[in-house]
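The values are calculated or read from the model by the stated rules, or taken from the named source; none is laboratory data. The structure presented is a predicted model; accordingly, all values stated were derived computationally and were not measured. Every residue, glycine as well, gets a Cβ built from its backbone with ideal geometry; the counts of neighbours run over all protein chains shown. SASA here: full protein model, heavy atoms, side chains in, ligands and nucleic acids out. Shrake-Rupley method; radii C 1.70, N 1.55, O 1.52, S 1.80 Å.
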Amino acid sequence: MIVIFLGPPGAGKGTQAAHIVERYKIPQLSTGDMLRAAVAAKTPVGVKAKEVMDAGNLVSDEIVGAIVSDRIEEPDCARGFLLDGFPRTLVQAEMLDEILAKKGLSVNAVIELKVDEAALLDRLRNRIEETKARGEEVRADDNEETFAKRLGVYSEQTAPLIPYYEKQGKLRAVDGMGTVEDVSAALDAILDPISA
Ligand code: AP5
C-alpha cells in the first residue's frame, strides 16, 4: 500500500501519519523529518538544506528525490509506505511515478487533507506553545512570518499536484477540520478497503 499525504503546513499530516503507521504497519516517510535529521547531523545535504528550510522554501527536487529513492529501498518499505510531505512539486511527482514504475509499483491513494487557513494558523500557534511548554526547541520555520511563506509555497508549487492526481483517479479529499479522531476515521474509511 503506497499512500501520499498532501496538505498545507499544519494540516495534520504528521499527526495522522502516526495513526496510519499504527493501523496499517507501514512506515512513515516524512521528508521534513529526514531533512531536519540531516540538518541536525550537519551532513552535506543538511548544510545545504538548512537555510532553504529556515526561509520556508523548498529544498531542491534532486536532493529530496534522492533521499526518497534511497529510503524506499529499505526492507521496511517492502509492504508499502506512507509519503508525508513528498511529492511537493510536479517534478517530484513525476520522479516518484518513474521510481515506482521501475519497481512495477504505483501509488494507491493520495489523501488531500483540507483545513482552512485560520485553523492552520491556530494550530501553528498551539504547536509553538506546546513545544515551548515541553521545554523543547521550536522549529526554525515555525513562526508566523515563515509560516505565511510556507502557505504561499504550498499554493504555488504543491497545490498543482491536486489536479495531477485527480486526473490519475487517485485523489481523495478529506475534511481535516474535525477532531484528530474524526479525521482518522475518515482515513480508515478510505484506506481499509485498499489495505484489504
Ligand atoms: P514538513 O516537515 O513536511 O512540514 P509541513 O508540510 O510544513 O507540515 P507540518 O509539519 O508543519 O504540519 P503537518 O501537516 O505535519 O501538521 P501536524 O500533524 O504537525 O516540511 C518542512 C520543510 O522541509 C519544508 O518547508 C521544506 O523546506 C522541506 N521539505 C520537506 N519535504 C520537502 C519536499 N518534498 N521538497 C522540498 N522540500 C521539502 O499538525 C500541526 C499541529 O496541529 C500540531 O500541533 C497538531 O497537534 C495539531 N493538530 C493536528 N491535527 C489536528 C486536529 N484535527 N485538530 C486540532 N489540532 C490538530
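Details
- Whichever lysines have a C-alpha closer than 30 Å to that of Lys167, once near sequence neighbours (fewer than 8 apart) are set aside: Lys13, Lys25, Lys102, Lys103, Lys114, Lys149
- Applied to the stretch 8-22, the Karplus parametrisation 6.51 cos²θ - 1.76 cosθ + 1.60 on θ = phi - 60° returns per-residue 3J(HN,Hα) values of x, x, x, 5, x, 4, x, 4, 6, 4, 4, 5, 5, 4, 5 Hz, with x for Gly and Pro.
- Within the accessible surface of the stretch 2-195, defined with a 1.4 Å probe on protein heavy atoms only, the carbon and sulfur portion equals 52 percent.
- Whole-Hz couplings from phi, Karplus 6.51/-1.76/1.60, listed for the stretch 138-152; x for Gly and Pro: 6, 3, 4, 9, 9, 9, 4, 5, 5, 4, 4, 5, 4, 5, x
- Restricting the stretch 149-196 to chymotrypsin sites (Phe, Trp or Tyr not before Pro) that sit in a DSSP loop and have at most 10 other Cβ atoms within 10 Å of their own Cβ leaves nothing.
- About its Cα centre, the dipole of the stretch 135-194 is roughly 460 debye, where the only charges are +1 on Lys and Arg Cβ and -1 on Asp and Glu Cβ.
- Evaluated at q = 0.09, 0.11, 0.16, 0.19 Å⁻¹: base-10 log I(q)/I(0), Debye formula over Cα of the chain: -0.32, -0.49, -1.10, -1.60
- Averaged per residue, the stretch 2-195 has 51 square angstrom of accessible surface, using a 1.4 angstrom probe with ligands and nucleic acids left out.
- Peptides 2-8, 112-118, ordered by how many other C-beta atoms sit within 10 Å of their residues on average, highest first, read 2-8, 112-118.
- Within straight-line cross-link reach of Lys42, lysines at Cα separation under 17 Å, skipping those fewer than 8 residues along the same chain: Lys50
- Pairwise label distance in nanometres, Asp116 with Glu136, each label 7 Å out on the Cα-Cβ vector: 2.9
- Mean Cβ neighbour count within 10 Å, used as a protection proxy, ranking 86-95, 121-130 highest first: 86-95, 121-130
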